[in-house]
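The values are calculated or read from the model by the stated rules, or taken from the named source; none is laboratory data. Treat the numbers as computed from the prediction; the structure is a model and nothing was measured. Backbone-built Cβ (ideal geometry, glycine too); neighbour counts: all protein chains shown.
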Amino acid sequence: MRSASVSRDTKETTVMVEVALDSVRQSPVIDTNLPLLNHFLTAFTWHSGLNWSIKATGDVEVDPHHLIEDVGIAIGQALDQALGSRAGIARYGQRYLPMDEALVLCVLDFSGRGQLYWHGAFPDRAINGIQSEVWWEFFNGLARHGRATIHLRYLDGINAHHVYEALFKACGRAIGEAVSLVDDTVPSTKGVL
């Protein structure tokens, strides 16, 4: 069973993430002290098709940046641990995703080389008091610590909430596709990822 449990405890945040890649999807357990992050994570985890538990607290009275970034880091670490050698996975995932007027694209590769590529003029407006640049921090932490190359592209949209929620959904779906088992070999001509 491919699964992992990660605990990240700093002076700014406490984050616990559990993921099971092979069991039947259940309702995700999401509990952070940021309602908007809860909302986006619920969409992300449900659309991934995987079993998740994400619990986090942090110094959001200072700035939500610490909590949002650390949750992304812990999710990446959990995925990396659950994937192990990455033998048998599809490796690649991609998803165009519309949400009303918004349209985004997520393409990713669990290559072992973690990097985020953020393309387009993403809306630069706060949602519920949370500045837009922190969503880059979330996905950057996920990419680096999940050892995945992730391309996120803004294609269209006016409503910032729709655009960023669509990113979480698209990334979840692309991850679900990429971690699915297709055979028992490491998906690389090098024999290792």
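Would it be correct to say that A56 is more than 13 Å from the chain's Cα centre (by Cα) and more than 30 Å from A126 (Cβ to Cβ)? So A56 does not fit the description; no. Restricting attention to region 59-88, the residues that are buried (at least 18 other Cβ atoms within 10 Å of the Cβ), at positive phi and small (G, A, S) total 1. No other residue among L97, L103 is assigned to a strand (DSSP E or B), in contact with an Asp or Glu (Cβ under 7 Å, 6 or more places away or on another chain) and either in contact (Cβ under 8 Å) with a residue 12 or more places away in the chain or of a type in the set (A, V, I, L, M, F, W, C) (or both) apart from L103. Apart from one condition, G191 fits all of (1) closer than 23 Å to N38 by Cβ; (2) without any contact (Cβ under 8 Å) to a residue 24 or more places away in the chain; (3) of a type outside the set (S, T, N, Q); the exception is (1). Number of residues in region 88-116 that are more than 16 Å from the chain's Cα centre (by Cα) and over 19 Å from A166 (Cα atoms): the value is 3.
Need pairs with beta-carbon distance below 9 Å; first residue assigned to a helix (DSSP H, G or I) and within region 127-146, second among the hydroxyl-bearing types (S, T, Y) and at pLDDT 95 or above; sequence gap 6+ or separate chains. So the pair list comes out as W135/Y164; A143/Y117; A143/T149.
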